[in-house]
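For reference, the structure discussed in these notes is given below.
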Amino acid sequence: MATKRVDSSNIDFQNLVQFLDADLAIRDGDDHAFYHQFNGIDTLKNCIVEYVNDVAVACGAFKPFSEDTVEIKRMYTNPEYRGKGLASKILDRLEVWAKESGYKKCILETGIMQPEAIALYEKKGYRKVSNYGQYIGVENSVCFEKLV
């Protein structure tokens, strides 16, 4: 296994995000267009891709949210590689990178139709918070935060 820090111009990151978007389109149903507008990757500078035998199998990213906070974005693991701790590893590495960059807190949003993601974030010490920003009042969103 190998982990690479990249930006959103990385083709492996882009390909994994396409798989993520296809999965979310199914899970989110009619709500997908609303969420999709907040998930552009063009300006993401802090992305991680996990490789197994030189094949990109998982990814995640963060973007600045405020002076001391980043927002975790675009977490995805290929279904064939789920249950192996890759998402936890990526999340750990994103948190370390955020801390190295001077940030003190990570926030994120996920959907209620993504129970695996909710379980991951709770396991990794994230606590539920009131929905923030564009997710305020959105019933299908669950927001979390964690100090790093």
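The values are calculated or read from the model by the stated rules, or taken from the named source; none is laboratory data. What you are looking at is a predicted structure, and each value in this text was computed from that prediction instead of being measured. Because the Cβ atoms are built from the backbone with ideal geometry, glycine has one as well, and the counts that use them run over all protein chains shown.
The residue list Ile48, Ile90, Ile112, Ile41 contains one member that is at pLDDT below 95, among the hydrophobic types (A, V, I, L, M, F, W, C) and closer than 19 Å to Asn15 by Cβ, which is Ile41. Whenever a residue of region 80-92 is in a helix (DSSP H, G or I), its partners that are surrounded by fewer than 16 Cβ atoms within 10 Å (Cβ to Cβ), lying with C-beta atoms within less than 8 angstrom and at least six residues away or across chains, give the pairs Tyr81/Val52; Ser88/Lys123; Ser88/Lys124; Lys89/Thr3; Ile90/Thr3; Leu91/Lys124; Asp92/Lys124. Restricting attention to region 13-28 and to residues that are surrounded by fewer than 18 Cβ atoms within 10 Å (Cβ to Cβ) and farther than 18 Å from Met113 by Cβ, the residue that is modelled with the lowest pLDDT turns out to be Gln18. Scanning region 67-116 for residues that are surrounded by fewer than 17 Cβ atoms within 10 Å (Cβ to Cβ), within 18 Å of Gly133 (Cβ to Cβ) and acidic (Asp, Glu) yields Glu67, Asp68.
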